């Protein structure tokens, strides 16, 4: 099949290509059991490490420590122990694939993934209200009683800690967590169904690289039944890389107990901010250096170059005194770059859909008429089930948002922004291999300013404030993890039922354990005492932001749409140049996220 080598163009629909999947990898119940134990461990360790010990962030990127370290322990220690007990007790490559898929599902849930914002935003609605911030005046009468725990001592204890003799008041959380849980499950089902629809297009037709899957694949393929330990442990290069990182960490451990101990620190490159020129900061660490090996070099070049061009754009606007409005939380600053970046991301997603049009036509034919010529037996879900779940999930999400008070048009814009953000970030992760990436614009900001916040009623604005608990900071959302899980499913030739069971068990166990343990820690210590953003300002920002917008009463501002269209046009041009000129290196992926500082 003729194609561009980096997956830029599709020539034949994968629906027209017969399945060539080999027989499924051998599986046993041990994979699911050990995977479930790993999921529980990650969801206990992540909040404890981040909130109590105030140490490493274990689940807050797309190749997090909680994922990599846990799987390394399974491959290098757990599996050899099982093999030493009995040759038949070892984990097969299929079992290891199942465990990794469950871990991918697990790390999308705790702390900054799902749990932290849901419980913090919902608990903050009444606790942080005071006469100065205006929450009671503008918002409280419009907050649905089913969406937040009731006002009172039991909610206050969430932030302050339990008094002696009291126990966690689980009763006040049952109703809000149930309804937030339905929204979360619908969103996860939507994400998984979209992955099922696009899997064949991304893997078989466009041949996207999925760089972050290379590491687990090497670890899994190095595990052979004839050897007690995996093959990669016998290579000198692995130990050189391991030693460099390990020795640095080991050297700095004493500094946590003895402040006078010298620290190696990080290599920082800073260009100081001038009167009109924004500062530029770059940090180099050994883990980042290792991860950068897997990143698409064209994307790296593009992020670097477009970041400099964005700085020049900011300098020009500062010199002219031009601004389109105030910056948004969880968005790029200034807002001109945020809307430009989101326009680029939207064009990226639309371009991907356009390239996949023949494939999507086949998906629809299979879903609608069951066309026997189209083979979906190798997909993670049948096309009919995927389409039905997408439609049902979007319908439920819209109904949920409407029940929360958000009018239909705003709900449609919000859902569009969330889906675009998730699909765009997924494309960036699976093609570019970037680990630290956020969206350029908050979905709620897109929904509000496309119409004008001053045109929206207080009930809609209150619902938008609550929706921050659902979608605000996509630093570890499920869809990119799920796409990488689908690649593992493909590479390991796993049965569909095993894949779906692993994902469902991983997500279900994570949600239950994470909500339970997070609430238990918060009531035991006092959530505000964690000193973490999500329990201090993270829960207050949505309500402060919405009250400020209600007071401002700003109408529709055409400059937002103008910069959105600039982003669309620039991405369209970059895509056209990349398809037409074989020597063109600049990638539209890099343009869409170059302004995101965390990259």
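Laboratory data are not the source of any read-out in this text; all were calculated from the coordinates shown. What you see is a predicted model, and the numbers here were worked out from it, not measured in a lab. Every residue, glycine as well, gets a Cβ built from its backbone with ideal geometry; the counts of neighbours run over all protein chains shown.
Per-residue extension of 0.36 nm, minus the Cα-Cα distance of residue 493 and residue 283, leaves a gain of 71.7 nm for this segment. Between residue 250 and residue 185, the contour length at 0.36 nm per residue exceeds the Cα-Cα span by 19.3 nm. Taking 30 Å as R0, compute the FRET efficiency from the Cβ-Cβ separation of residue 53 and residue 579 and round it to 0.05. E(calc), rounded to 0.05, equals 0.05. Full extension of the chain between residue 239 and residue 361 gives 39.0 nm of extra length, using 0.36 nm per residue less the Cα-Cα distance. Just so you know, the Cα atoms of segment 380-499 work out to an Rg and Dmax of 16.6, 53 Å.
Projecting the alpha carbon convex hull of segment 131-208 along each direction and taking the average yields 9.4 nm². Put a dot 7 Å past the Cα of residue 133, heading toward its Cβ, do the same for residue 221, and the two dots end up 5.2 nm apart. Ratio of Rg to Rh for segment 20-119: 1.05 [Cα atoms; Kirkwood radius as inverse mean 1/r over pairs]. With the convex hull of the Cα atoms taken as the outline of the chain, the averaged projected area works out to 29.5 nm². On the basis of the beta-carbon distance and an R0 of 35 Å, residue 408 and residue 156 show a calculated FRET efficiency of 0.45.
Can you give the convex hull volume per residue for the Cα atoms of segment 510-599, as a whole number of Å³? Display every interim value, and only then the final one.
Numbers: hull volume 16.5 nm³, N = 90.
Cα-based convex hull of segment 510-599, divided per residue, equals 183 Å³.
Please rank 214, 298, 95, fewest neighbouring Cβ atoms within 10 Å first, as an exposure proxy.
Ordered from fewest to most neighbouring Cβ atoms within 10 Å, 214, 298, 95 come out as 214, 298, 95.
Shape summary of segment 504-549, radius of gyration then Dmax from alpha carbon positions: 14.1, 42 Å. Each listed q (0.13, 0.24 Å⁻¹) maps to a log10 I(q)/I(0) for segment 281-352 from the Debye sum over equal C-alpha point scatterers, namely -0.54, -1.17.
Placing dummy labels 7 Å off each Cα toward the beta-carbon, the span from residue 178 to residue 140 is 2.6 nm. Helical runs assigned H by DSSP (4 residues or longer) give the chain a calculated mean residue ellipticity at 222 nm of -18500 deg cm²/dmol, each run adding -39500 (n - 2.57) before division by the residue total. Take 173-185, 63-75, 282-294 and order them by the average number of nearby Cβ atoms within 10 Å per residue, most first; the result is 63-75, 173-185, 282-294. Taking the average, over residues, of other Cβ atoms within 10 Å as the packing measure, peptides 473-480, 309-316 rank 473-480, 309-316 from highest down.
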